[in-house]
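To start, the structure itself, in structure tokens.
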Amino acid sequence: MTDTTRGRTAVDVAALAERSIHLITSLQTSEGAYPASPTFSAYVGYSWLRDGSFIADAASAMGEIASADRFYDWCADVIGRRADTIRAIVDEARAGHPAPAARMLPARFTFSGGDGADEWWDFQLDGYGTWLWALVEHLVRHGLDGARYREAVALSVEYLLASWRRPCYDWWEEHAKHVHVSTLACIAAGLSAVAGAKLVDAEQAEHIRSEVSALKALIAAEGIADGHLIKWLGSTAVDGSLAAAIAPLGIVEPGSELARRTVAVLESHLTVDGGVHRYLGDTFFGGGQWPLLSCFLGLAHLADGDRQRADELFEWAASTATTDLDLPEQTSGHLIAPGMRQEWVDRWGPVATPLLWSHAMFLRLGIALGRIPATDTEGPIR
Ligand code: BGC
């Protein structure tokens, strides 16, 4: 914890919720992008598909329909502009000469939709699945017509179908030599969502279903060890992001043996009190606990009916807010590699605070728990 965090004192959930949705909507750019963090040196000026999709999902669940719409429109524009690149990548993959990683689509974009000039660990496939999943959640939740997204959806689908077997960087922009189970879950969720929502034609939907079956078969064959999901194919370790495969993505059935065992191992290997580490061996800013991961784990518990544990995780995430009610990317109360913290502070400055994705996951779990009311929606919140 930094000096400004509240530690274990009770947090005013309503005030933090208000601050969270205010940050999300007020920091959204005129183009529709959500900045990852307005102040953190390495993130300034960029919007990630992964962060942004979960942020838009929270905005949508809060009833901020126009804000979520604007983000999905931004995604559609960013992807539509790269139609020629995507077609070339797909053609090369079909011809048996997949494009090198450096030519694959980026993980983050400038607000105006450019690639940006800074070097980054760019080849990450998960966001291209997550935006599809979040888009469909939004359309279904609010009974909206998705016709205007069909072209960007089709391009994203083609890109993922051609590429999902490839190793790439994971949620944490690391370990590019591996195929990551969380990445596969995001891809499966996105592809299944658009096939189910009829955003693609019947023939393409059928093709998607068979590829998703193959993807799930791969997870079943190589993405499980000792009864739980693993960080990457062939690993034995877990990663905090795996909770998302259970909820909200629903790729692993909540309550199944696989889900229960995965949650149990995430609890025993990565969770201290209510704070969840990314993975054992994490050294980024000393490898602290990430409030957004507490919220994903809370969603997974809640999906299996364990409201009490979900509540505890929610409280822990809320307790990481600063006195200004900003949620950080991670906390320093329990570090895996304390000796590495200063090196990152020297390189990039203090931990990203506020991190909009943390605020989004706090809202998303709070709504699911019924502790945060949506502002303006008709019908049940999903
Ligand atoms: C995290 C990513 C995240 C990015 C922007 C990185 O440090 O590892 O998951 O997308 O920050 O928030």
Within region 182-279, list the trypsin sites (Lys or Arg not before Pro) lying in a DSSP loop whose Cβ has at most 13 other Cβ atoms in a 10 Å radius. K198
Please work out whether region 226-368 counts as rounded, prolate or oblate from its C-alpha gyration tensor, where a ≥ b ≥ c are the square roots of the eigenvalues and a/c under 1.5 means rounded, while otherwise a/b larger than b/c means prolate and anything else oblate? oblate
Which value in nm describes the separation of the simple spin-label points at L280 and V140, placed 7 Å from the Cα toward the beta carbon? 3.6 nm
Take every Cα-Cα distance within region 220-292, group them into 5 Å bins from 0 onward, and report for each bin the whole-number percent of pairs it holds. 3, 17, 27, 27, 16, 7, 2
Among all the lysines, which ones have a C-alpha under 18 Å from K177's C-alpha, if same-chain residues fewer than 8 places away are not counted? K231
Full-extension gain between S210 and H334, please, as 0.36 nm times their residue separation minus the C-alpha to C-alpha distance. 40.3 nm
Pulled fully out, how much extra length does the chain show between I65 and H22, if you take 0.36 nm times their separation in residues and subtract their Cα-Cα distance? 14.1 nm
For the chain, what does the helix formula give at 222 nm: sum of -39500 (n - 2.57) over DSSP H segments with n ≥ 4, over the residue count, nearest 500 deg cm²/dmol? -15500 deg cm²/dmol
For the chain, take the longest principal axis of its alpha carbons; what is the angle in degrees between that and the long axis of helix 65-80, to the nearest 10 within 0 to 90? 50 degrees
If you stretched the chain out fully between R371 and A117, how much longer would it get, using 0.36 nm times the residue separation minus the C-alpha to C-alpha distance? 87.3 nm
First measure r as the distance between the Cβ atoms of Q342 and S268, then evaluate 1/(1 + (r/R0)^6) with R0 = 22 Å and state the FRET efficiency to the nearest 0.05. 0.15
0 to 90° range, to nearest 10: angle between helix 291-303 axis and the chain longest Cα axis: 70 degrees
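Among S41, S332, S30, which comes first, second and so on when ranked by fewest other beta-carbon atoms within 10 Å? Walk me through the numbers on the way to the answer.
On the way: S41 11, S332 19, S30 8.
If I rank by nearby Cβ atoms, fewest first, I get S30, S41, S332.
For a quick protection proxy, order the peptides 97-109, 350-362, 177-189 by their average other-Cβ count within 10 Å, most packed first.
Working: 97-109: 17.3, 350-362: 26.1, 177-189: 24.5.
Top to bottom by mean Cβ count within 10 Å: 350-362, 177-189, 97-109.
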Degrees separating the helix 181-196 axis from the principal Cα axis of the chain, which is the longest one: 60 degrees
Cα-centred dipole magnitude for the chain, charges only on beta-carbon of K, R (+1) and D, E (-1), debye, nearest 20: 400 debye
Using the Karplus equation 6.51 cos²θ - 1.76 cosθ + 1.60 (θ = phi - 60°), what ³J(HN,Hα) coupling, rounded to whole Hz, does each residue of region 309-316 give in order, writing x for Gly and Pro? 5, 4, 4, 4, 5, 4, 4, 4
Can you give me the Cα centroid spacing of region 51-72 and region 228-244 in angstrom? 27 Å
What's the Cα-based Rg to Rh of region 97-199, Rh via Kirkwood? 0.98
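For region 2-369, calculate the relative contact order in percent as a whole number, restricting contacts to Cα pairs under 8 Å that are 6 or more residues apart.
On the way: 694 pairs, mean separation 73.7, N = 368.
Relative contact order of region 2-369: 20 percent.
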Considering the alpha-carbon set of the chain alone, what are its Rg and its Dmax in angstrom? 19.3, 59
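No value in this document is a laboratory result; all are computed from the given coordinates. Since the model is a prediction, treat every value here as computed from it, not as a measurement. Every residue, glycine as well, gets a Cβ built from its backbone with ideal geometry; the counts of neighbours run over all protein chains shown.
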